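Let me begin by presenting the structure, written as structure tokens, before commenting on it.
The values are calculated or read from the model by the stated rules, or taken from the named source; none is laboratory data. As the structure is a prediction and not an experimental result, all values here were calculated from the model. Positions of Cβ are backbone-derived with ideal geometry, glycine not excepted, and every protein chain shown enters the neighbour counts.
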Amino acid sequence: MSLRVISGAVKGRRLKSVPGDTTRPITDRVKEALFNILGADVIDSIWWDMFGGTGAVGIEALSRGAAFVRFTDLNRAPIDTIKENLTATRLTSRAEAKRADAFSLLSARPDKKFHYIYIAPPQYQDLWSRALALLDENPGWLTDDGWAIIQIDPKEYQSVKLKNLEEFEQRKYGSTLLVFYERNVGHA
């Protein structure tokens, strides 16, 4: 599958894939749909592309005007690929790519607040619900109006018991489900 930036400053730029089959790149159709939902809110936003993979989602956000994206991945190959893709798109100055365990980071004291935390982990290991539960326990990672966006196979979906976040939307595109969560600030 050929990865490319769909829109914005580096539209049309091809992105390298991570060697092997450890990552699950987002399709152009799903990426286009996601950014159509977010619209102009992407401009000047701050992102965390948590299971970074190729960096396609975060790089798309940067291309469309996001102020900053943090990319994290546990493995070296995705981080090396993200760094190469950031260099190729000349977006390195507005990004940080670090090899780190998402669960350890989520458990730590937040060092930054994000408008969007994009969670698209390896499939069928329940990593998404683990990450969401940790974010729910430590919601300071999100701005008050911030969203957590989960990308999973529809078969993986289950309701997760949450205190500080609430699901507000789902969109299904073939074998990809996007689930949107927001902070329930002031609803409690």
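Which condition number in (1) without any contact (Cβ under 8 Å) to a residue 12 or more places away in the chain; (2) in a strand (DSSP E or B) is the one that I117 fails?
Looking at each condition in turn, I117 falls short on (1).
Can you tell me which condition T176 does not meet? The list is (1) of a type outside the set (A, V, I, L, M, F, W, C); (2) touching a residue at least 60 places away in the same chain (Cβ under 8 Å); (3) surrounded by fewer than 16 Cβ atoms within 10 Å (Cβ to Cβ), and all the others hold.
Evaluating T176 over (1) of a type outside the set (A, V, I, L, M, F, W, C); (2) touching a residue at least 60 places away in the same chain (Cβ under 8 Å); (3) surrounded by fewer than 16 Cβ atoms within 10 Å (Cβ to Cβ) leaves (3) as the failure.
Given the criteria of a type outside the set (F, W, Y), in contact with a strand residue (DSSP E or B) (Cβ under 9 Å, 6 or more places away or on another chain) and surrounded by fewer than 16 Cβ atoms within 10 Å (Cβ to Cβ), does R13 qualify?
Spelling it out, it is not the case that R13 is of a type outside the set (F, W, Y), in contact with a strand residue (DSSP E or B) (Cβ under 9 Å, 6 or more places away or on another chain) and surrounded by fewer than 16 Cβ atoms within 10 Å (Cβ to Cβ).
So, of the residues in the range 1-50 that are over 21 Å from Y173 (Cβ atoms), in a loop (DSSP other than H, G, I, E, B) and of a type in the set (V, I, T), which turns out to be modelled with the lowest pLDDT?
T22
Please verify whether V179 is part of a strand (DSSP E or B) and under 22 Å from V42 (Cβ atoms), treating the condition exactly as stated.
yes
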